[in-house]
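K.L.:
First the structure, which I've put down as structure tokens, then a few questions once you've had a look.
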Amino acid sequence: MNTLASTPHAEGSVVPGARTVPAPLHSRGRASLRRFAFLSACALVALAGCASGGSGDSSASASAPVSPRQMDGVFEPLIAQSALEEPHERVCTNLSLPFELIAMHASDRACELSPSGQTQASSIEEKWTLGGDFRQIPSLPIDSSEVFGSSTHDPNDLYSYKPAILTPQGARDLSADLLREDGNYVEPLDGTQNGPWITFLGRQVSSSSTGDHQEDNVFAPWTIYSWNRDEQRLRTVMTWSDLPAHSPRSSGELPPVSDGMHAFYGAKASTDHGDFSLIIAQGLDDSTHSTKPQILLFGAYPAVSEQGLSVVATTMNSPLSSRVATLSGTDFSKVTTHFDLKSQDYRISGLYAAGDHHAVLVTPSSTSSEASSFLGLWDSSSTDYPTQWIIVDSRTPWVSIGEEAIAWGAGSQANNAQMYLRPWETGQITRLGETPGYSRPVVAANGRTVMIPHVNSQGGIQWSIGEFTAE
């Protein structure tokens, strides 16, 4: 289940009237947190004058469609693009959506559109708080007493953070030594949870850094790790060097997901034949681990649900990932196409799933002047495409999903920075508060725990851990 995700494009995209604070180096925002501390006066007093940075449009992952001849010998996906069926039925035609949705099968269920602004506050029972001094950086709540993240004894040392379980009593490091690859420090970043497995991303930080967070992030080597709560064991699952590529590429941070047996990651890689967006898989334990990760197909945004592995695939006639499909079966070879997005101004920039619940994020393209995004929701037991759409007043929203609820915010956008929660049980949208520059709530994979960021009196980010009531 995909409990945490962020859009992989620049959070600093600038449009008229939309103010931003500096975009984060990592999706969890450690770099942005440090900048937030130094630039709190800018963020809280003169937001309009803050500089923003971004990592580019995700469409840069493939500048043009590549031919099968070019793919041959570079990447050999398990699923060929020809296996993706062509959706043919227009759906949600009763709504004034600024894009067209084409599905395999239309249902009789009418589509609904909800505004982003809600006045009713969520009912949250706060349990404890953490953060504020950069010694503990949370990623996702496990339950109301434990949070996965990272910790350090010296927040001024950028190479000192270790993956950790954070509790009201303090931090428990998951590794005795710093995570290192080829002698370079690998910083632990965001992760997701499925059962006892917490699968998380690490990115290499080295002294060869250019100082340009956008450039460093695009080519920073990545590693996928997993920690098993039952076994209390940390594993290295796969790294970018396992792929036949000259270098990794990224237009942002996306955490890996797992189905309890395999880890899945939406990787980007550079080769002599161009840049590729790939869905890759690797076994989590010794019985399923292979010598090299399996390349499943060309696409992005893997998300695990009860149906299988949902992805946004790249169609043959477009370099953009626009077609939502599910891979199932023990070898992921069964392909079910769900729907396609048709638009010149909007694109799919995120896919999320937990249990039967799914969400897709549709945001303006880099060339569009539109300021709002759309979050589409559906339950796979009743339909296979979004039937409820929520307008989000941000070009770069943050989304977190669990089996009990979905939460979202504006990301690092400074205005319209309200955060929202929608329990699946009630379907009612309520407000979690407002945090300009760090509008990023996180819900647990299981249960009703939610983690809400706030700005403390020193200008740092502090998180409240609590449980919501579905009323």
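The rows are residues; the columns are (1) at pLDDT 85 or above; (2) closer than 30 Å to Gln388 by Cβ; (3) in a loop (DSSP other than H, G, I, E, B).
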| position | (1), (2), (3) |
| --- | --- |
| Gly54 | no, yes, yes |
| Gln70 | no, no, no |
| Phe75 | yes, no, yes |
| Arg90 | yes, yes, no |
| Pro98 | yes, yes, yes |
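K.L.:
Right, another one. Could you grab the pairs with beta carbons closer than 9 Å, sequence gap of 6+ or different chains, first residue in region 456-470 and in contact (Cβ under 8 Å) with a residue 60 or more places away in the chain and within 15 Å of Leu140 (Cα to Cα), second one acidic (Asp, Glu) and open to solvent by less than 20 Å² (accessible area, probe 1.4 Å)?
P.N.:
Partner pairs satisfying both residue conditions: none exist.
K.L.:
For region 404-420, enumerate the residues that are open to solvent by less than 10 Å² (accessible area, probe 1.4 Å) and either closer than 18 Å to Trp378 by Cβ or basic (Lys, Arg) (or both).
P.N.:
Selection gives Ala405, Ile406, Ala407, Trp408.
K.L.:
For region 130-181, give me the residue count where each residue is outside any loop (DSSP other than H, G, I, E, B), modelled with pLDDT under 95, under 14 Å from Val205 (Cβ atoms) and in contact with a Pro (Cβ under 8 Å, 6 or more places away or on another chain).
P.N.:
Adding up the residues that qualify gives 1.
K.L.:
What about Phe219, is it farther than 28 Å from Thr337 by Cβ, open to solvent by 10 Å² or more (accessible area, probe 1.4 Å), of a type in the set (Phe, Trp, Tyr) and modelled with pLDDT under 95? Give the derivation first.
P.N.:
Numbers: farther than 28 Å from Thr337 by Cβ: yes; open to solvent by 10 Å² or more (accessible area, probe 1.4 Å): yes; of a type in the set (Phe, Trp, Tyr): yes; modelled with pLDDT under 95: yes.
Against the criterion (farther than 28 Å from Thr337 by Cβ, open to solvent by 10 Å² or more (accessible area, probe 1.4 Å), of a type in the set (Phe, Trp, Tyr) and modelled with pLDDT under 95), Phe219 qualifies.
Quick grid of which residues meet (1) open to solvent by 20 Å² or more (accessible area, probe 1.4 Å); (2) part of a loop (DSSP other than H, G, I, E, B); (3) touching a residue at least 24 places away in the same chain (Cβ under 8 Å):
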{"residue": "Thr336", "(1), (2), (3)": "yes, no, yes"}
{"residue": "Asp340", "(1), (2), (3)": "no, no, yes"}
{"residue": "Ser369", "(1), (2), (3)": "yes, yes, yes"}
{"residue": "Leu377", "(1), (2), (3)": "no, no, yes"}
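K.L.:
A follow-up question, please. It is to be established whether one or more residues within region 397-408 are touching a strand residue (DSSP E or B) at 6+ places or on another chain (Cβ under 6 Å) and closer than 23 Å to Ala106 by Cβ.
P.N.:
no
K.L.:
Filter region 421-433 down to residues that are closer than 16 Å to Pro115 by Cβ and open to solvent by 10 Å² or more (accessible area, probe 1.4 Å) and give me whichever is nearest to the chain's Cα centre (by Cα). Quick ask: steps written out before the conclusion?
P.N.:
Of all residues in region 421-433, those closer than 16 Å to Pro115 by Cβ come to 421-422, 427-431.
From what's left, open to solvent by 10 Å² or more (accessible area, probe 1.4 Å): 422, 427-431.
Numbers: Arg422: 18, Gly427: 22, Gln428: 23, Ile429: 21, Thr430: 22, Arg431: 21 Å.
This residue is Arg422.
K.L.:
Take the residues of region 285-319 that are under 20 Å from Ile102 (Cα atoms) and modelled with pLDDT under 90: which is surrounded by the fewest Cβ atoms within 10 Å (Cβ to Cβ)?
P.N.:
Taking the candidates together, the pick is Asn317.
K.L.:
Can we say Asp177 is open to solvent by 10 Å² or more (accessible area, probe 1.4 Å) and on the phi > 0 side of the Ramachandran plot? If you could, list the steps in order and put the result at the bottom.
P.N.:
On the way: open to solvent by 10 Å² or more (accessible area, probe 1.4 Å): yes; on the phi > 0 side of the Ramachandran plot: no.
No, not satisfied.
K.L.:
For region 356-367, how many residues meet the condition of being touching a residue at least 60 places away in the same chain (Cβ under 8 Å) and open to solvent by 10 Å² or more (accessible area, probe 1.4 Å)?
P.N.:
Selection size over region 356-367: 3.
K.L.:
So, in region 351-371, exactly how many residues are under 15 Å from Val392 (Cβ atoms), small (Gly, Ala, Ser) and at pLDDT 95 or above?
P.N.:
1
K.L.:
Now for a separate question. Counting just the residues of region 404-417 that are without any contact (Cβ under 8 Å) to a residue 60 or more places away in the chain and not in a strand (DSSP E or B), which one comes out farthest from Thr435 (Cα to Cα)? Walk me through it before giving the result.
P.N.:
Our first condition is that a residue be without any contact (Cβ under 8 Å) to a residue 60 or more places away in the chain; within region 404-417, this holds for 406-410, 417.
Remaining after also requiring not in a strand (DSSP E or B): 410, 417.
Numbers: Ala410: 9, Ala417: 6 Å.
Here the residue is Ala410.
K.L.:
Right, here's the next one. If I ask for residues that are among the hydroxyl-bearing types (Ser, Thr, Tyr) and surrounded by fewer than 18 Cβ atoms within 10 Å (Cβ to Cβ), which ones from region 103-130 would you list? Break it down stepwise before answering.
P.N.:
Kept after step one, since they are among the hydroxyl-bearing types (Ser, Thr, Tyr), are these residues of region 103-130: 107, 114, 116, 119, 122-123, 129.
Selection gives Ser107, Ser114, Thr119, Ser123, Thr129.
K.L.:
A further question on this structure: Filter region 384-403 down to the residues that are open to solvent by 10 Å² or more (accessible area, probe 1.4 Å), assigned to a loop (DSSP other than H, G, I, E, B) and farther than 22 Å from Ala445 by Cβ and list them by number.
P.N.:
Asp384, Asp393, Arg395
K.L.:
Right, next: Which condition from (1) touching a Pro at 6+ places or on another chain (Cβ under 7 Å); (2) at pLDDT 90 or above; (3) open to solvent by 70 Å² or more (accessible area, probe 1.4 Å); (4) not charged (D, E, K, R) is the one that Ser63 breaks?
P.N.:
So the condition that Ser63 fails would be (2).
One line per residue, one yes/no per condition, for (1) modelled with pLDDT of 95 or more; (2) open to solvent by less than 10 Å² (accessible area, probe 1.4 Å):
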site	(1), (2)
Gly437	no, yes
Arg440	yes, yes
Asn446	yes, no
Val450	yes, yes
Pro453	yes, yes
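K.L.:
Using beta carbons and a limit of 6 Å, which pairs, at least six apart or on different chains, have the first residue in region 253-265 and charged (D, E, K, R) and the second one in a loop (DSSP other than H, G, I, E, B)?
P.N.:
Glu253/His26; Glu253/Ser27
K.L.:
State yes or no: is Asp345 crowded, with 23+ Cβ neighbours inside 10 Å, farther than 21 Å from Ala267 by Cα and either touching a residue at least 40 places away in the same chain (Cβ under 8 Å) or of a type in the set (A, V, I, L, M) (or both)? It would help to see each step written out before you state the result.
P.N.:
Working: crowded, with 23+ Cβ neighbours inside 10 Å: no; farther than 21 Å from Ala267 by Cα: yes; either touching a residue at least 40 places away in the same chain (Cβ under 8 Å) or of a type in the set (A, V, I, L, M) (or both): yes.
Here the answer is no, as Asp345 does not meet what is asked.
K.L.:
If Glu100 passes every condition in (1) in contact (Cβ under 8 Å) with a residue 40 or more places away in the chain; (2) surrounded by fewer than 15 Cβ atoms within 10 Å (Cβ to Cβ); (3) within 16 Å of Asp173 (Cβ to Cβ) but one, which one does it miss?
P.N.:
Of the numbered conditions (1) in contact (Cβ under 8 Å) with a residue 40 or more places away in the chain; (2) surrounded by fewer than 15 Cβ atoms within 10 Å (Cβ to Cβ); (3) within 16 Å of Asp173 (Cβ to Cβ), the odd one out for Glu100 is (3).
K.L.:
Quick check on Gln458: is it surrounded by fewer than 24 Cβ atoms within 10 Å (Cβ to Cβ), over 29 Å from Thr337 (Cα atoms) and out of contact with any strand residue (DSSP E or B) (no Cβ under 8 Å at 6 or more places or on another chain)? I'd like the intermediate steps shown before the answer.
P.N.:
Working: surrounded by fewer than 24 Cβ atoms within 10 Å (Cβ to Cβ): yes; over 29 Å from Thr337 (Cα atoms): yes; out of contact with any strand residue (DSSP E or B) (no Cβ under 8 Å at 6 or more places or on another chain): yes.
So Gln458 fits the description; yes.
The values are calculated or read from the model by the stated rules, or taken from the named source; none is laboratory data. Quantities reported herein were computed from a predicted structural model and do not represent experimental measurements. Because the Cβ atoms are built from the backbone with ideal geometry, glycine has one as well, and the counts that use them run over all protein chains shown. Ligands, DNA and RNA are stripped out before the accessible areas are found, and what is left, the full protein with its side chains, is counted by its heavy atoms. Shrake-Rupley method; radii C 1.70, N 1.55, O 1.52, S 1.80 Å.
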